[in-house]
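Report on the following structure.
The values are calculated or read from the model by the stated rules, or taken from the named source; none is laboratory data. It should be emphasised that the depicted structure is a prediction, and the values quoted were computed from it without experimental measurement. For neighbour counting, all protein chains shown are included, and Cβ atoms are generated from backbone atoms with ideal geometry for every residue, glycine included. We work out accessible area using only protein heavy atoms, side chains counted, and drop any ligands, DNA or RNA first. Shrake-Rupley method; radii C 1.70, N 1.55, O 1.52, S 1.80 Å.
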Amino acid sequence: MNFDEFDEFTRKLCLETQKTILSFYENPDMVVETKSDRSPVTFADKETEREIREAIQVLYPEHGIKGEEYEDLNPNAAFTWIIDPIDGTKTFTAGCPLYGTMIALLLEGEPIFGCINFPALGKRISSDGHSTFVNGDLVRAKADKPLDEALLLTTDYFEVAKRQNGRAFEKLVSKTKMTRTWGDCYGYYLLATGNADIMIDPIANPWDVMALVPIIRGSGATITDWFGNNPAQGNSIVAANTDLHSKVVAILNS
């Protein structure tokens, strides 16, 4: 595992793909299609993933690729790249800047590298699971924050009750200082940089999860699925400062 190699490769790749993304951003005439799962998709999503796939195939032809918009490639490869070209497409199409491109590298199913690029913010966060950096500067999650002083984030407040125990979530909300929907990948960025304390998503796909695992761990925080298990094998996310994480999981499952 060569962090510098993968970090530089994805940094240059994100600089290129964000040109495509930004050419559509804040365009009120952007065409938005609806996929079979009723989620939105744009040409920018498809073109960004295509560009990333092509770059990976040139440099790492033996690696596998799994993305949101196209079929899996080399599914039995030891190394697999996971791509979410625009995490937060709803956010993107609304002209809100809190969306990002997520890229992860897995070894035998476990994330060993992850990065998120925020085209509209000029920020990129990356990690090997040991240290996390924003534009090359080391960042850390907060520590020693009591629950009643915590900032809780989630992507969609009303989605929680549809997918998990809504009453338990409301109990968690009542015990924290403030709850906001600064969600999608940006909520995890805020956690990893010490600006938020808890970020949860009651439902998530592999391309939503994998890049987050090294980023959150490298920042000193903890990430699991809703039930406290390995996030790489789950379909939900609970990420929090290590001091709070076990309390959060216990409340959400009470």
Only Lys, Arg (+1) and Asp, Glu (-1) charged, at Cβ; the range 79-136 dipole about Cα centre in debye: 320 debye
Long-range amide H partners of T132 with built H, under 5 Å: V139
Which residues' amide hydrogens lie under 5 Å from the amide hydrogen of L106, considering only partners 5 or more residues apart or on another chain, with H built in the peptide plane? T80, W81, I82, I112
For the range 7-62 the mean separation of alpha carbon contacts under 8 Å (6+ apart) over residue count, i.e. relative contact order in percent, is 33 percent
Classify the range 28-71 as rounded, prolate or oblate from the Cα gyration tensor: take a ≥ b ≥ c as the square roots of its eigenvalues, call it rounded if a/c is under 1.5, otherwise prolate when a/b beats b/c and oblate if not. oblate
Max mean-square fluctuation residue, GNM over the chain, Cα-Cα springs under 10 Å, options D37, D148, D156: D37
Run the dipole for the range 171-219 about the Cα centre, Lys and Arg Cβ at +1, Asp and Glu Cβ at -1, nothing else charged, and hand back the magnitude in debye, nearest 20. 280 debye
Above-threshold pairs, the threshold being 20 Å between Cα atoms, out of K90/K175; K35/K90; K123/K247; K46/K123; K46/K90: K90/K175; K123/K247; K46/K123
Protection proxy (average C-beta count within 10 Å per residue), highest first, orders 245-251, 25-31 as 245-251, 25-31
By per-residue mean of other Cβ atoms within 10 Å, what is the highest-first order of 48-56, 137-145, 183-191, 197-205? 183-191, 197-205, 48-56, 137-145
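By how many nm would the segment from E62 to K12 lengthen if fully extended, with 0.36 nm per residue of separation less the alpha-carbon distance?
15.9 nm
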Stretch gain in nm, segment K35-R163, where the contour uses 0.36 nm per residue and the Cα spacing is subtracted: 44.1 nm
Kindly provide the helix-only [θ] at 222 nm of the chain, computed as the sum of -39,500 (n - 2.57) over DSSP H runs of four or more divided by all residues, to the nearest 500 deg cm²/dmol? -10500 deg cm²/dmol
For the range 90-168, what's the relative contact order in percent, using C-alpha pairs closer than 8 Å and at least 6 residues apart? 15 percent
Quick one: length gained pulling L121 to T242 fully straight, 0.36 nm per residue minus the C-alpha distance? 40.8 nm
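Please compute the contact order of the chain in relative form: average sequence separation of alpha-carbon pairs under 8 Å and at least six residues apart, divided by the residue count, as a percent.
Worked out over the chain, it gives 16 percent.
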Say each of N2 and E71 gets a label point 7 Å from the Cα, pointing the same way as Cα to Cβ; how far apart are those two points in nm? 3.2 nm
Shape call for the chain from the C-alpha gyration tensor, a ≥ b ≥ c root eigenvalues: rounded (a/c under 1.5), prolate (a/b greater than b/c) or oblate? prolate
Based on the alpha-carbon gyration tensor of the range 6-117 and its eigenvalue square roots a ≥ b ≥ c, which shape applies: rounded if a/c is under 1.5, prolate if not and a/b is larger than b/c, or oblate? prolate
With point charges of +1 on the Cβ of Lys and Arg and -1 on the Cβ of Asp and Glu, referenced to the Cα centre of the chain, which listed residue (T91, F227, T20) lies farthest in the positive direction of the dipole? F227
For the range 98-235, report the accessible area per residue in Å² (1.4 Å probe, heavy atoms, rounded to an integer). 40 Å²
Positive-end residue, the range 121-183 charge dipole about Cα centroid, Cβ charges, pick of T179, F133, Q164: Q164
